[in-house]
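The values are calculated or read from the model by the stated rules, or taken from the named source; none is laboratory data. Everything quoted here is computed from the prediction, not taken from an experiment. Methodologically, a virtual Cβ is constructed for each residue, glycine included, from the backbone with ideal geometry; neighbour enumeration extends over all protein chains shown. Only protein heavy atoms, including side chains, enter the accessible area calculation; ligands, DNA and RNA are left aside. Shrake-Rupley method; radii C 1.70, N 1.55, O 1.52, S 1.80 Å.
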Amino acid sequence: MFFSAMRLKALMLVIAAVFAVGFVAGCGDDDDSVSDATEAASEAADAADDAADPAADAISTTTVDIPVADEGLLYAVTEVAAPAGEITLTSVNDQSVPHNIAIETPEGDVLGEVVTDGGVSTVTATLEPGTYEYYCSVPGHREAGMVGTLTVE
Ligand SMILES: [Cu+2]
């Protein structure tokens with residue numbers, strides 16, 4: 001929706017620029033004003049190109065699956081990587097033992113919901129490049145080894 005609105009705006013800018021060139025070229029006998037108008041049109045077209053590509057500046061969003069292991073106080077995956085940006089960790093827990101997914105960030109720990117029997121715990125954080133630890137915040141589980149490393153590139 002946002003993207004098409006930007007496209008439409010870009011298109012209208014180009015049309016306006018083309019119209020301006022046509023108007024000046026049709027009425028003026030001054031060569032300088034025609035070339036000025038052409039330059040202006042070209043600048044407007046460049047601006048339109050920039051406007052048409054909002055994704056270039058958009059923040060990256062990534063989802064990483066970190067399932068709980070079938071048995072024990074473990075995740076099935078203990079090392080994951082993701083690009084910098086908004087990162088969502090999802091952890092399905094097929095055990096009847098309660099678990100969740102939590103992550104340490106510079107702004108503090110973010111905890112996902114504690115789930116059992118096929119429930120999915122989810123946590124989202126916006127992270128700069130670096131190494132972060134994810135863990136289960138159910139008491140004793142992290143100490144027992146329910147941890148892993150997220151590398152943000
Ligand atoms: Cu746990």
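What is the calculated FRET efficiency for residue 61 to residue 114, with r their C-beta to C-beta distance and R₀ = 30 Å, to the nearest 0.05?
Working: r = 25 Å, r/R0 = 0.82.
Taking R0 as 30 Å, the efficiency between residue 61 and residue 114 is 0.75.
Here each label is just a point 7 Å from Cα along the line to Cβ, and for residue 107 and residue 124 those points are 1.2 nm apart.
Return the carbon/sulfur percentage of the accessible area of region 107-153, one whole number, probe 1.4 Å, all protein chains in place.
Values: 1230 of 2470 Å².
Carbon-and-sulfur percentage of accessible area, whole number: 50.
For region 58-153, the per residue solvent-accessible surface stands at 50 Å², with DNA, RNA and ligands left out and a 1.4 Å probe.
Normalising the average separation of contacting C-alpha pairs (under 8 angstrom, six or more residues apart) by the number of residues puts the relative contact order of region 61-152 at 31 percent.
The distance from the alpha carbon centre of region 136-150 to that of region 56-120 is 11 Å, rounded to a whole number.
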